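What follows is calculated from the coordinates using simple rules that are stated; it is not laboratory data. Since this is a predicted model, take the numbers as computed values, not measurements. For neighbour counting, all protein chains shown are included, and Cβ atoms are generated from backbone atoms with ideal geometry for every residue, glycine included.
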């Protein structure tokens, strides 16, 4: 059993999540997990940074998505994004050379609002 399969019941290393496939609720591939962002004040996972689009990493766009937007599919060792693909296509994203300031509270609030989740720190 892989460490990913244990995720729902036990702690898991971030390195075993990075690179994991992300699918939509219909099971169609969307991209993969590039980073996991931890809030150092609370120790909680704040966001998952997912790569979407592009070909061979060219034209690839990154998205910071609240961790609560994902569900783990143990049977297939992948994450399902509980956000419609159309919503993701219109989401605020960034490229690997121009990350947003994740310490900006307004950016954090706007991001959570976009995905329909209350900020994790409240």
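The stretch between residue 67 and residue 15, if pulled fully straight at 0.36 nm per residue, gains 17.2 nm over its current Cα-Cα span. Between residue 85 and residue 99, the simple label model (points 7 Å from Cα in the Cβ direction) yields a spacing of 2.9 nm. Highest mean first, the peptides 67-80, 27-40, 98-111 sorted by other C-beta atoms within 10 Å per residue fall in the order 67-80, 27-40, 98-111. Please work out the FRET efficiency for the pair residue 106 and residue 77, using the Cβ-Cβ distance as r and a Förster radius of 30 Å; give the result to the nearest 0.05. The computed FRET efficiency comes out at 0.25. Taken over the chain, the ratio of Cα radius of gyration to 2.2 N^0.38 Å equals 1.02. Take every Cα pair under 8 Å whose residues are at least 6 apart in sequence, average their separation, divide by the length of the chain, and the relative contact order is 20 percent.
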